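Enquirer: Have a look at the structure that comes next, please.
Nothing in this text is a laboratory measurement; each read-out follows from the coordinates by a stated rule. Computed from a predicted structure; not experimentally measured. Every residue, glycine as well, gets a Cβ built from its backbone with ideal geometry; the counts of neighbours run over all protein chains shown.
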Amino acid sequence: MYLSRRNFIKGATSASLVSMLPGLGVAATRNSLVQSDSHRVMSCNIRVALDEDEAKGVGWSSRKEVCLKVVENQKPDIIALQEVLKSQAEDFRQHFGNYQLFGFDGPEMDAHLTGYHGIAKNPILFSLDRYELQTGGTYWLSETPLVAGSKSWDTARARHANWVRLRDKQTDKVFRVVNLHLDHVAETAKIQQLKMVVEESAQYQPDFPQILTGDFNSRYDSRVFDSVRGGEWKETYETVHGEGEVGYTGHAFEGKNYAKGAKGGRIDFIWYRGHAQPTAASIVKDDIDGVYPSDHYFMSADIRLL
């Protein structure tokens, strides 16, 4: 019998599964450069590796090194990725060798073996120098959250959330990171998917620090965010810079030359809840020699645990 959404939310923590295999390689961390209570979190939709993008000259093979370098240059402690295929997950594992990548292993989204849907996932990387993984898990944003690839509310694609609970080795403080990618078509699906995440996170005490990252496919003033704002979550960029539209993050690989930018809006966010406070937040618009790492700008936030 399928586990219901209601029963799942009550028992999500006890049902979690943990993967414990670190990757290989070397990448810089910022541990010696910041106060011990500050954590730099990035949310990066890196765009799946597609043959059609290769044909246009913006495929993963032509921007992989740019993407890895742009992320590395920010010296993040935690990297929340969206739209990641297996080959891209391996590239991040190898490049960020002193990080652990969590959330790719497991059943695929659906029966599709190639292309955008089916195997694009939302893994989280975190510094092994700084953090101890206490637990973590994956659930699907549907009425049957433990059924891989399950879909509800007319979502165009199966969607899921990955989460990790980390202990900061420097301070012994514990917090949680949830990473997701909401549906890109149906507003009802986006509302229900995010509402589910808010309900699941509410099982923790109100002061327990949590961070919610992702591509929400919704502008800041969308009613999709009613549940997250009503659930005592705050958004890092809004806290630092003030609430309001600050421009687009999706840019079709065109960056500042994106013709539709004036009509666009930010759809990538980093939220927080509990005893936490952002001290800095930015939209990372970097390119290298005119090559952008993705069709999205990335988000970055420095968050103190109180």
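Enquirer: Sort 221-228, 82-89 for me by packing, meaning the mean count of neighbouring Cβ atoms within 10 Å per residue, highest on top.
Expert: Details: 221-228: 16.6, 82-89: 20.4.
Ranking the peptides 221-228, 82-89 by packing returns 82-89, 221-228.
Enquirer: Quick one: grab the alpha carbon gyration tensor of segment 106-243, order the square roots of its eigenvalues as a ≥ b ≥ c, and give me rounded if a/c is under 1.5, else prolate or oblate depending on whether a/b is larger than b/c.
Expert: oblate
Enquirer: Can you list residues from other chains, or at least 5 along the same chain, whose modelled amide H is less than 5 Å from the amide H of residue 82?
Expert: When sequence neighbours closer than 5 places are left aside, the close amide H contacts are 44, 45, 46.
Enquirer: In segment 213-248, which GluC sites (Glu not before Pro) fall in coil by DSSP and have 14 or fewer other Cβ atoms within 10 Å?
Expert: For GluC sites (Glu not before Pro) across segment 213-248 that sit outside H, G, I, E and B with at most 14 neighbouring Cβ atoms in 10 Å, the list reads 232, 243, 245.
Enquirer: Sort 215, 302 by Cβ crowding within 10 Å, fewest neighbours at the top.
Expert: 302, 215
Enquirer: What percent does the relative contact order of segment 170-236 come to when contacts are Cα pairs within less than 8 Å and at least six residues apart? Walk me through the numbers before you get to the answer.
Expert: On the way: 60 pairs, mean separation 30.0, N = 67.
Worked out over segment 170-236, it gives 45 percent.
Enquirer: Give the residue list of trypsin sites (Lys or Arg not before Pro) in segment 224-271 that are DSSP loop and have at most 16 other beta-carbon atoms within 10 angstrom.
Expert: Passing both the DSSP loop test and the Cβ count: 260.
Enquirer: Answer rounded, prolate or oblate for segment 169-306, using the Cα gyration tensor with square roots of eigenvalues a ≥ b ≥ c: rounded when a/c is under 1.5, else prolate when a/b is larger than b/c, else oblate.
Expert: oblate
Enquirer: Another one. What is the distance, in nm, between label points placed 7 Å from the Cα along the Cα-to-Cβ direction at residue 54 and at residue 185?
Expert: Placing both labels 7 Å beyond Cα along the Cβ direction yields 2.6 nm.
Enquirer: Continuing with this model, one more query. Which ordering of 104, 96 is given by a fewest-first count of other beta-carbon atoms within 10 Å?
Expert: Final ranking by Cβ density, sparse to dense: 104, 96.
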